[in-house]
Amino acid sequence: MQNAETRIESKKKSMVFPIGPGISMRMLVGVIAFLALNAIVASAKDTGSPHHLLPSPWPYHVLLVTTGVVVMLGGMLTARYMKRKSWWLKAHKSLAISGALLTISGFIVAAYMVSTYMGTYLVMEPHAYLGIAALALVVFAPIMGFMQFRIKDKRMHIIHRWSGRLAIAMVLINIWAGWTMIWAM
């Protein structure tokens, strides 16, 4: 029989989502972020690219949104392929919320960048409009995920599933639109 301290300790250990031996999700996201930022900064130093025309926060915007969509995709794949594991729901929630927060952070960096360097809050580009639509879906999908446990209706589950898929698709399309806008400079 376990005492209260042992139960608390075992509960704390189960809160960490391990990827492998000694590797946690936080460590993995940190390493991915570091490598992606180095790759973005290195590509910006190329002489033939238009990146030198962009404001200085743009690598952080790219890094946050790209990392966010990759983490959200991991959350979707966890829900799709790991349902037989006992930990799938905890991993799905953690990945989906982390991905949404990273993507929202990228949007905040974009809003700061546009307002500071261009003097407006919205650039009349498809990238901006798609970004707002993607942001709405990125916020909406986790809300529907929590709501499906409160309101026991199969339609809530379907709405959550499809809004998550659409959010990931919209962010990927918007990444493409952003790169198209950059290379058109």
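Just so you know, all these numbers are worked out from the coordinates, no wet-lab data involved. Quantities reported herein were computed from a predicted structural model and do not represent experimental measurements. Backbone-built Cβ (ideal geometry, glycine too); neighbour counts: all protein chains shown.
Details
- Some residue of the stretch 117-132 being touching a Pro at 6+ places or on another chain (Cβ under 7 Å), closer than 25 Å to ALA177 by Cβ and surrounded by fewer than 16 Cβ atoms within 10 Å (Cβ to Cβ): yes
- Failed criterion for ALA136 (all others in (1) surrounded by 15 or more Cβ atoms within 10 Å (Cβ to Cβ); (2) without any contact (Cβ under 8 Å) to a residue 24 or more places away in the chain hold): (1)
- Note on the stretch 78-103: residues that are surrounded by 15 or more Cβ atoms within 10 Å (Cβ to Cβ) and touching a helix residue (DSSP H, G or I) at 6+ places or on another chain (Cβ under 7 Å) total 14.
- Selection of the stretch 161-185 for residues being surrounded by fewer than 16 Cβ atoms within 10 Å (Cβ to Cβ) and of a type in the set (Ser, Thr, Tyr) yields only THR180.
- Some residue of the stretch 104-111 being surrounded by 14 or more Cβ atoms within 10 Å (Cβ to Cβ), out of contact with any helix residue (DSSP H, G or I) (no Cβ under 9 Å at 6 or more places or on another chain) and under 21 Å from ILE182 (Cβ atoms): yes
- Matching residues, the stretch 112-133, being under 17 Å from the mean Cα position of the chain (by Cα) and free of Cβ contacts under 8 Å to residues at least 24 places away in the same chain: ILE132
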